[in-house]
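Asks: Take a look at this one; I'll ask things after.
The values are calculated or read from the model by the stated rules, or taken from the named source; none is laboratory data. Here the structure is a predicted model, which means the values were calculated and not measured. With ideal geometry, Cβ positions are generated from the backbone for all residues, glycine too; neighbour counts draw on all protein chains shown. Heads up: the accessible areas ignore ligands, DNA and RNA and are worked out on the full protein's heavy atoms, side chains in. Shrake-Rupley method; radii C 1.70, N 1.55, O 1.52, S 1.80 Å.
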There are 2 protein chains.
Amino acid sequence: MTSIKMPTALIQGKQLIGADSSATNAQTFVATHSGTGALLDPPFHEANAEEIDLAMTLASESANIFANTSFETRAKLLEAIADGLMDAGEALLDRCHAETALPMTRLIGERARTVNQTRLFAEMIREGSWVEAKVDHGDADRTPAAKPDVRSMLISIGPVVVFGASNFPLAISVAGTDTTTAFAAGCPVVCKAHPAHPGTCEMIGNIIRDAIKAVGLPPGIFSLLQGRSHEVGHALVEHPATAAVAFTGSLAGGRALFDTANRRRNPIPVYAEMGSINPVFVLPGAIEERSEQIAQAFIGSLTMGVGQFCTNPGLILIPTGDQGDQLTQSIAEHAAAAAPGTMLHSGIHDAFNEGVARIKQTDGVQMLSQASGPSDQACCSIAVTDVATLQREHSLLEEIFGPCSTIVRYDNASEMLEVAQALEGQLTATLHGSDNELSEHQPLIEALQQKVGRLIFNGFPTGIEVCHAMVHGGPYPATSDAHFTSIGPAAIKRFTRPLCFQDFPNDQLPPELQDSNPRGIMRMVDGVFTRDQ
Amino acid sequence: MTSIKMPTALIQGKQLIGADSSATNAQTFVATHSGTGALLDPPFHEANAEEIDLAMTLASESANIFANTSFETRAKLLEAIADGLMDAGEALLDRCHAETALPMTRLIGERARTVNQTRLFAEMIREGSWVEAKVDHGDADRTPAAKPDVRSMLISIGPVVVFGASNFPLAISVAGTDTTTAFAAGCPVVCKAHPAHPGTCEMIGNIIRDAIKAVGLPPGIFSLLQGRSHEVGHALVEHPATAAVAFTGSLAGGRALFDTANRRRNPIPVYAEMGSINPVFVLPGAIEERSEQIAQAFIGSLTMGVGQFCTNPGLILIPTGDQGDQLTQSIAEHAAAAAPGTMLHSGIHDAFNEGVARIKQTDGVQMLSQASGPSDQACCSIAVTDVATLQREHSLLEEIFGPCSTIVRYDNASEMLEVAQALEGQLTATLHGSDNELSEHQPLIEALQQKVGRLIFNGFPTGIEVCHAMVHGGPYPATSDAHFTSIGPAAIKRFTRPLCFQDFPNDQLPPELQDSNPRGIMRMVDGVFTRDQ
């Protein structure tokens, strides 16, 4: 295999630790071109224990300064990162394309999303109401005891360790939501680079480093460590200075970090988004209205990005009977015609093939349709089964990462409800029906509400809107903490905690809690929401 | 020892499981009169595995109905509980006094706090803005892709297991904040009765059962299980139907439940409030202004409730020099004169005596003052040491539950800062100083902010105000989850999670998310807080 040269000024294969670069470990690994399998220059040095400790120590030492930095400075930091991502131009996209095989149009779109969400977070942090300020005035004359003056707001939680996702090298990686919301909250970040796109990570790490320098913040608030071994990640989670962990990836990976964090003398929160099968429930009325449209959009959602989304629809429930047969047939045809695609890396492709083989071998499951393509590409696969088989074979409810889904034919509403109740925690569930039909399936909707973070009507779960109301989360094993979302501005809550001031002199309080409300933010004053003084 | 009869109609020593009572386990334990050591009738049956499973199954089966109950009904439930606590009159207070040795005046005050906080939660739930509704309108014409309509709000998390505190038999036990905020959120509750006041628990359990009946909710939303063994508690935490755990008590107890919860196949959150030493930092200016007043108020805070508060001030920093000597001497005198008191039970008293003995034996620590009293009562104890000893002997930073505190004499601001940095997570820290002085100690304040949930100026940490801005929480080991408070209306957040609806028909949305905002609650609409439609 040939080796492709990249400009060494851009990628050096070293750890970025605060303002310095470091490569003290002789052990290295190389990135591969996902499309061709070619090795990419340069080799990357695995972070060693000293580098990990140095990065976390710098984060810890700069935590206090960063926590007390103005919201304006934090907003400027985010905007400088957004600018830097655009300024990096094609060099960044080219390297990203080589490491991930994601098409350039997709990467241009993902970059736009990343830049837009970073600017949205900057807007939120600058506006200031996100701190959930509460003021309860005291009353010296109250009997039997004087009432103290009590005020609280959210503050930063401390240094955050971020593990990015393989499937969103821009939007959920080094400069993704985890890093930028942690920065917004005033938390230093130490990123573990994803070993499937280490060069992209380093390029973005340099953009962040430059942004920090440009706004005059301490360089120690950001480090980027390389590593293919699990040891680097676990050492970061175990480090005494680490206050929280954000992770996007597999259930096995997320759970391992979660367990490490909880074995600490002082456990720390792990926000792991670990994916799900995102079931789609098709009610009879929907098929009557638009069977062909559903089939086409379903396969579009399933094969988008070669099925490599955590919101990929891995299960679809279709009624038995003629109309359901027709929808099933139509889905099979669209699947057979779907273009194959190169997956993010060979490990993911192997796991996908194993998952499809496992489904094929399951008693009571029939492989309905498989697209064909070269052996190094993933082909859309559709299996079909019934509710009884699904209830017996719980492995059918496990996520297979890639363009593969199982059709479950149901006889009646009560079978659909059974499936809903058998589900583990999910990021999403989707209902397709006529408007009138929804009210007839209240028990199904209520059952699904208990299982998911997001409930979609007549749409598909892929393509997550970055907005205030978005919940990209859900009960375990979709995530490790259903209180939070990992996409959208509300993701900042993960990296904050409330702090309360009792009877503090007004001029010693943060501006957000002062009587005059100098920042004009929304606050809860004596139990009532107001922007008044 | 004599046995005291209580009306058996009130206390039967059985599990309350939904609408039924159960006593299938032959193994029993008895409560003791904390003042006299007398055994109290009747014996209490330990809950067995079948009873635990039945209670959790009923909770699970009623979870959906309760989650979809109107806020008005939930508010009425809380008000019925508050009424029931008052209607129970002296019989409840008498039993509580017998089981805890807490003075009647204190219990009357605690009952008032419990009733008031329950009514405050009813008010909050009825008003409705607590659901944090967010509406982001869609845009079908947006390019390159239509923007979906996305709306989210907090929903109930599912069945909650509650472990009450020994030291607040009314305000933090069966009808305490944990139970009533879980009910407010629409979560069924299974309480593990505290074995030190099981009769009080059963009486309150019956009040709750009656309240549930009165408002017509399913009886399965509440059960009360008795047990002195750890097995009952751990079995409740392990049960598949349990969605969250609330606990107030020791670090060892809270951590054990936390570890059990995290070993589950699907881990669940444990909100454990585990106490702290609540350091008090006295700056020179405060001594100049009011030395005698500080000494008196400090000993008042330390000995209140025989020192049995999680916010008890276990460490006080006083400058070296003449004025500090005078404050130290004055504290010693007030401590020597403090009345001894009966502790909640003999186990707590034994642990207190062991803790005081441990401090006495620590190199570099001198026992400065000890009140005298009968051997079955706890006497106020004050030790004194310096910063170097504190830095060497970290056991001095461990909580001793009871009227015991250590004075640490410091030479300068940098020594004070050293102590602040050495602290583990705390519920509170307190500063005493002149108004001008505070601004000179910004590094100390910033260091303490990273360690505590509540920062108090010129007051004392005991006597927690129940209000919206209160944070009774803090970094580990003060609690197991610094995101939340366990006192005040915001405690409801522990039992909720956000759920998102995408492109749902308006009439299928909960009222809180409908376009017309029929409940008139505060919402975030397209990023802006408003009560408008």
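Asks: Keeping all protein chains in the complex and leaving out DNA, RNA and ligands, what accessible area do you get for A:Thr36 with a 1.4 Å probe, in Å² to the nearest 10?
Replies: 100
Asks: How would A:Glu437, B:Glu61, A:Glu393 line up by accessible area, probe 1.4 Å, largest first?
Replies: Result of the area sort, largest leading: B:Glu61, A:Glu393, A:Glu437.
Asks: Can I ask one more? Taking 30 Å as R0, compute the FRET efficiency from the Cβ-Cβ separation of B:Ser439 and B:Gln329 and round it to 0.05.
Replies: Given R0 = 30 Å and the Cβ-Cβ separation, E is 0.50.
Asks: If R₀ is 22 angstrom, what is the calculated FRET efficiency for the pair A:Ala388 and A:Ala357, using the beta carbon separation as r and rounding to 0.05?
Replies: 0.45
Asks: A further question on this structure: Out of B:Ala351, B:His432, B:Val408, whose Cα points farthest toward the positive end of the dipole of segment B:280-457 (charges: +1 Lys, Arg; -1 Asp, Glu; placed on Cβ)?
Replies: B:Ala351
Asks: For B:Arg531, go 7 angstrom from Cα along the Cα-to-Cβ vector, then report the distances to that same point in the other copies in nm, smallest first.
Replies: Spacings between copies for this position, smallest first, are 1.5 nm.
Asks: How far apart, in nm, are two points set 7 Å out from the Cα along the Cα-to-Cβ line at B:Leu509 and at B:Asp322?
Replies: Output for this residue pair reads 7.1 nm.
Asks: Which FRET efficiency, nearest 0.05, do A:Ser346 and B:Arg264 yield, Cβ-Cβ r, R0 45 Å?
Replies: Efficiency for this residue pair is about 0.85.
Asks: Oh, and also: Rounded to the nearest 10 Å², what accessible area does A:His137 show when all protein chains are kept and the probe is 1.4 Å?
Replies: 70
Asks: For segment B:429-468, which residues drop by 30 square angstrom or more in accessible area between the chain on its own and all protein chains together (1.4 Å probe)?
Replies: B:Leu438, B:Glu446, B:Gln449, B:Gln450, B:Arg454, B:Leu455, B:Phe457, B:Glu465, B:Cys467, B:His468
Asks: Accessible surface of A:Tyr476 in the full protein assembly, 1.4 angstrom probe, to the nearest 10 Å²?
Replies: Surface accessible to solvent at A:Tyr476 totals approximately 40 Å².
Asks: If the limit is 30 Å between Cα atoms, which of A:Lys147/B:Lys14; A:Lys147/B:Lys451; B:Lys192/B:Lys493 go over it?
Replies: A:Lys147/B:Lys14
Asks: Report Rg/Rh for segment A:280-457, rounded to two decimals, where Rg is the Cα radius of gyration and Rh the Kirkwood radius.
Replies: Using only Cα positions, Rg/Rh for segment A:280-457 is 0.94.
Asks: In whole Å, what is the distance between the alpha-carbon centres of segment A:231-253 and segment A:48-98?
Replies: So the two Cα centres are separated by 18 Å.
Asks: Tell me, for the rotation carrying B onto A, which chain B residue has the beta-carbon closest to the axis and what that distance is in whole Å.
Replies: B:Asn262, 2
Asks: Something else about it: What are the distances, in nm and sorted shortest first, from the label point of A:Arg264 to the label points of the same position in each other copy, with each label point placed 7 Å from Cα along the Cα-to-Cβ direction?
Replies: 2.2
Asks: Copy-to-copy spacing for A:Pro443, label 7 Å out on the Cα-to-C-beta vector, in nm, shortest first?
Replies: When each copy's label point is compared with this one, the spacings are 6.7 nm.
Asks: Summing -39500 (n - 2.57) over the DSSP H runs of n ≥ 4 in chain A and dividing by its residue number, what mean residue ellipticity at 222 nm do you reach, to the nearest 500 deg cm²/dmol?
Replies: Theoretical 222 nm ellipticity from helices: -12000 deg cm²/dmol.
Asks: Arrange the residues B:Ser34, A:Ser60 by how much accessible surface each exposes, largest first, with a 1.4 angstrom probe.
Replies: Reading off the accessible areas and sorting them downward yields A:Ser60, B:Ser34.
Asks: Only Lys, Arg, Asp and Glu count, each charged at its Cβ (+1, +1, -1, -1), so figure out the dipole size of segment A:280-457 about its Cα centre, rounded to 20 debye.
Replies: 440
Asks: Then there is this: How high is the relative contact order of segment A:280-457, given as a whole-number percent (alpha carbon pairs under 8 Å, six or more residues apart)?
Replies: Once divided by the residue count of segment A:280-457, the mean separation gives 28 percent.
Asks: Something else about it: By the gyration tensor of its Cα atoms, with a ≥ b ≥ c the square roots of the eigenvalues, what is the shape of the protein assembly as shown: rounded for a/c under 1.5, prolate for a/b over b/c, or oblate?
Replies: Because a/c hits 1.5 or more and a/b fails to exceed b/c, the protein assembly as shown counts as oblate.
Asks: Now for a separate question. Between segment B:366-402 and segment B:271-326, how many Å separate their Cα centres?
Replies: Taking the Cα centre of segment B:271-326 as reference, the centre of segment B:366-402 is 13 Å away.
Asks: I've got another one for you. Nearest 5 is fine: what % of DSSP beta bridges in the protein assembly as shown come out antiparallel, could you say?
Replies: Bridges in the protein assembly as shown are about 40 percent antiparallel.
Asks: About its Cα centre, how strong a charge dipole does segment A:1-147 have in debye, to the nearest 20, once Lys and Arg get +1 and Asp and Glu get -1 at the Cβ?
Replies: Rounded to the nearest 20 debye, it is 360 debye.
Asks: Still on this structure, please answer the following. Return one whole number: the accessible area per residue of the protein assembly as shown in Å², for a 1.4 Å probe.
Replies: Here the per-residue accessible area is 35 Å².
Asks: Using Cα pairs under 8 angstrom and six or more residues apart, how large is the relative contact order of segment B:153-266, in percent?
Replies: Normalised by residue count, the contact order of segment B:153-266 is 32 percent.
Asks: For A:Lys360, give me every one of the aspartates and glutamates with a C-alpha distance below 13 angstrom, ignoring sequence neighbours fewer than eight places off in its own chain.
Replies: Those aspartates and glutamates meeting the cut-off are A:Glu393.
Asks: Against the empirical 2.2 N^0.38 Å scaling, what ratio does the C-alpha Rg of segment A:183-266 come to?
Replies: Compared with the compact-globule rule of thumb, segment A:183-266 sits at 1.16.
Asks: Which percent of the accessible heavy-atom area of chain A goes to carbon and sulfur, probe 1.4 angstrom?
Replies: Answer for chain A is 51 percent, counting heavy atoms of protein chains only.
Asks: Next up: Would you mind calculating the gained length between B:Glu72 and B:Ala297 on full extension (0.36 nm times residue separation, minus the Cα-Cα distance), in nm to one decimal?
Replies: 76.7 nm
Asks: To continue, here is another question. In percent, how large is the relative contact order of chain A, given Cα pairs closer than 8 Å and 6 or more residues apart?
Replies: 17
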